[in-house]
Amino acid sequence: MKYYSTNNKTQTATLREAVIKGLAPDRGLYMPENIKRLPEEFFNNIQDLSFQEISFEVAKAFFGDDVEAQDLKKIVYETLSFDCPVVHVNGNIWSLELFHGPTLAFKDVGARFMARMLAYFIGNTRVNVLVATSGDTGSAVANGFLGVEGIRVFVLYPKNKVSLIQESQFTTLGQNITALEIEGTFDDCQALVKEAFADTGLTKQMALTSANSINVARFLPQAFYYFHAYAQMKKRGLGNNIVICVPSGNFGNLTAGLFAQRMGLPVKRFIAANNANDVFLKYLNTGIYEPRPSIQTIANAMDVGAPSNFARIIDMFNNEHSDICKCISGASYSDTQIRDAMAKCHELYKYTLDPHGACGWLALKENLQNGENGIFLETAHPAKFKETVENAINGQIEIPCRLAAFINGTKMSIPMTNKFEDFKRYLISSCLS
Ligand SMILES: *Cc1c(COP(=O)(O)O)cnc(C)c1O
């Protein structure tokens, strides 16, 4: 299947090119040329299939033309080494828990899939992945690529500006993962990565690629768990009138849900739940899209003022504002509302939300109608935001073993200045070529 750029439909690429490049040369986002509807029998029997079996069927619809079935199956099965259960919270509200992976956030699914697909496409050659992080992306990418043959990952992060829990998730791994602790800010880290990609002297000597979230191999696999969630609801006799609420930042997760719906998944409607960064809600209300600088909130993975996947949503609906509004509604919450939601849900229903999931739960609580079955995506484990959550619920939360294991690991980062020459010299001396 071909992938076109959202900036120009005649700019197409193969899946291999789209995965290796990430972004189209005209800075547009890649979109698959068609979204295949899955057969009716698939939906009739979906409740009897495992998460891996369901996901393999979905993966074949996108990648089946370009990746051998046996290889694709291996990629899917290895990616999904953990479950995404649907758990009842209260009334007609369920939580789709996406935090059972290695770094306790939904980004594990996309990062693990992309690492394996990239390894498949590069074959026997070697690639160096550069990623700048302010916290969460670094851990998902580093753990997703951990131990993958032929790939070396360099994570650049700003010294003293990442929480200890987050830092431990990418500085203690070793193997093919190198953490570079940069004397500077996140912007400095990002500038170093950009300069490296632009340095032809460097790119001639080594294959460099990025693992950013707009890559089709990171974003499309996020459709898997929407199907699995539906299967779990159907098994309980609750497969009708499903409303899915997605705590959103760059809108990759929500866009993957829209893809699932186009493939025939019976979802009645979606709700995009935001923190104070509400450009999407404003767009729904006015038809005008005005990106803004982001505002810092306690649901910080959603602090995005110019959501990158907005271009994909516009493309899917041919820029018809009224069609988008029929399918998606929006909500936006302040930090106070998010804290209150965490407190209330914990007190009344004994369910501990993280600050992102709290936006999702609250939006369902306020918008769900009688007869609808609401599922919100619980995008991260509350322990990742331990202090914020404990303050909100006025109690202690347990740290899962796999998170504690990171914290107890040995930090192995390489200190580095924010000067490009230092970074370049280091890369040349240690990259795979
Ligand atoms: C990345 C992230 C989000 C936002 O997801 P998008 O796909 O960017 O909309 C929400 N919650 C958590 C915990 C995240 O890490």
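Let's see how each residue does on (1) within 22 Å of Q261 (Cβ to Cβ); (2) aromatic (F, W, Y); (3) at pLDDT below 95; (4) in contact with an Asp or Glu (Cβ under 8 Å, 6 or more places away or on another chain):
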{"residue": "Y3", "(1), (2), (3), (4)": "yes, yes, no, yes"}
{"residue": "A13", "(1), (2), (3), (4)": "no, no, no, no"}
{"residue": "G22", "(1), (2), (3), (4)": "no, no, yes, no"}
{"residue": "M31", "(1), (2), (3), (4)": "yes, no, no, yes"}
{"residue": "I35", "(1), (2), (3), (4)": "yes, no, no, no"}
{"residue": "F43", "(1), (2), (3), (4)": "yes, yes, no, no"}
{"residue": "Q47", "(1), (2), (3), (4)": "yes, no, no, no"}
{"residue": "F56", "(1), (2), (3), (4)": "yes, yes, no, no"}
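When you scan segment 143-156, do you find a residue that is open to solvent by less than 50 Å² (accessible area, probe 1.4 Å), more than 19 Å from R112 (Cβ to Cβ) and in contact (Cβ under 8 Å) with a residue 24 or more places away in the chain, even just one?
Yes, segment 143-156 contains at least one residue that is open to solvent by less than 50 Å² (accessible area, probe 1.4 Å), more than 19 Å from R112 (Cβ to Cβ) and in contact (Cβ under 8 Å) with a residue 24 or more places away in the chain.
For segment 344-402, name all the residues that are more than 16 Å from the ligand (Cβ to nearest atom), among the polar types (S, T, N, Q) and under 27 Å from N240 (Cα atoms).
Filtering segment 344-402 for residues more than 16 Å from the ligand (Cβ to nearest atom) gives 344-351, 365-374, 390-391, 393-396, 398-399, 401-402.
Next cut, among the polar types (S, T, N, Q) only: 367, 369-370, 373, 391, 394, 396.
Matches in segment 344-402: N367, Q369, N370, N373.
Inside segment 1-116, counting only helices (runs of 4 or more DSSP H) that do not spill past its ends, which hold 2 or more residues that are among the polar types (S, T, N, Q), without any contact (Cβ under 8 Å) to a residue 12 or more places away in the chain and open to solvent by 50 Å² or more (accessible area, probe 1.4 Å)?
40-45
Could you please find all residues in segment 246-293 being among the hydroxyl-bearing types (S, T, Y), assigned to a loop (DSSP other than H, G, I, E, B) and within 12 Å of the ligand (Cβ to nearest atom)?
If the condition is that a residue be among the hydroxyl-bearing types (S, T, Y), assigned to a loop (DSSP other than H, G, I, E, B) and within 12 Å of the ligand (Cβ to nearest atom), then S248 is the only one that fits.
Which ones in segment 346-365 are closer than 20 Å to E398 by Cα and buried (at least 24 other Cβ atoms within 10 Å of the Cβ)?
Correct list: L353, D354, P355, H356, G357, A358.
Here's a check for you: in segment 163-217, which residue that is part of a loop (DSSP other than H, G, I, E, B) and modelled with pLDDT under 85 is surrounded by the most Cβ atoms within 10 Å (Cβ to Cβ)?
Only one residue fits best here, namely A211.
Suppose we filter Y225, Y230 for residues that are modelled with pLDDT of 95 or more, open to solvent by less than 10 Å² (accessible area, probe 1.4 Å) and closer than 30 Å to K73 by Cβ; which single one remains?
Y225 is the lone residue from the list that is modelled with pLDDT of 95 or more, open to solvent by less than 10 Å² (accessible area, probe 1.4 Å) and closer than 30 Å to K73 by Cβ.
Could you say whether any residue in segment 224-246 is without any contact (Cβ under 8 Å) to a residue 40 or more places away in the chain and of a type in the set (V, I, T)?
So far as segment 224-246 goes, no, none of its residues is without any contact (Cβ under 8 Å) to a residue 40 or more places away in the chain and of a type in the set (V, I, T).
Condition check: away from the ligand (no atom under 13 Å from the Cβ), touching a Lys or Arg at 6+ places or on another chain (Cβ under 7 Å) and small (G, A, S). Does G239 satisfy that?
Answer is no for this residue.
Look at A119 and say whether it is open to solvent by 20 Å² or more (accessible area, probe 1.4 Å), part of a helix (DSSP H, G or I) and among the small types (G, A, S).
On the way: open to solvent by 20 Å² or more (accessible area, probe 1.4 Å): yes; part of a helix (DSSP H, G or I): yes; among the small types (G, A, S): yes.
Yes, satisfied.
Give just the number: which of (1) in contact (Cβ under 8 Å) with a residue 40 or more places away in the chain; (2) in contact with a Gly (Cβ under 8 Å, 6 or more places away or on another chain); (3) within 15 Å of the ligand (Cβ to nearest atom) does K159 not satisfy?
(3)
Evaluate segment 298-315: report whether one residue or more is more than 22 Å from L364 (Cα to Cα), buried (at least 16 other Cβ atoms within 10 Å of the Cβ) and more than 15 Å from the ligand (Cβ to nearest atom).
Yes; the residues of segment 298-315 include at least one that is more than 22 Å from L364 (Cα to Cα), buried (at least 16 other Cβ atoms within 10 Å of the Cβ) and more than 15 Å from the ligand (Cβ to nearest atom).
Can you tell me which residue within segment 122-138, out of those that are of a type in the set (V, I, T) and open to solvent by 20 Å² or more (accessible area, probe 1.4 Å), is nearest to the ligand (Cβ to nearest atom)?
T137
Yes or no, residue by residue, for (1) open to solvent by less than 50 Å² (accessible area, probe 1.4 Å); (2) hydroxyl-bearing (S, T, Y); (3) modelled with pLDDT under 95; (4) more than 26 Å from H346 (Cα to Cα):
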{"site": "N367", "(1), (2), (3), (4)": "no, no, no, no"}
{"site": "E372", "(1), (2), (3), (4)": "yes, no, no, no"}
{"site": "F376", "(1), (2), (3), (4)": "yes, no, no, no"}
{"site": "P382", "(1), (2), (3), (4)": "yes, no, no, no"}
{"site": "G395", "(1), (2), (3), (4)": "yes, no, no, no"}
{"site": "I414", "(1), (2), (3), (4)": "no, no, no, yes"}
{"site": "F423", "(1), (2), (3), (4)": "yes, no, no, yes"}
{"site": "S430", "(1), (2), (3), (4)": "yes, yes, yes, yes"}
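The values are calculated or read from the model by the stated rules, or taken from the named source; none is laboratory data. Keep in mind it's a predicted model, so treat the numbers as computed, not measured. We place every Cβ from the backbone using ideal geometry, glycine too, and count neighbours over all the protein chains shown. Calculation scope for accessible area: heavy atoms of the full protein, side chains included, ligands and nucleic acids excluded. Shrake-Rupley method; radii C 1.70, N 1.55, O 1.52, S 1.80 Å.
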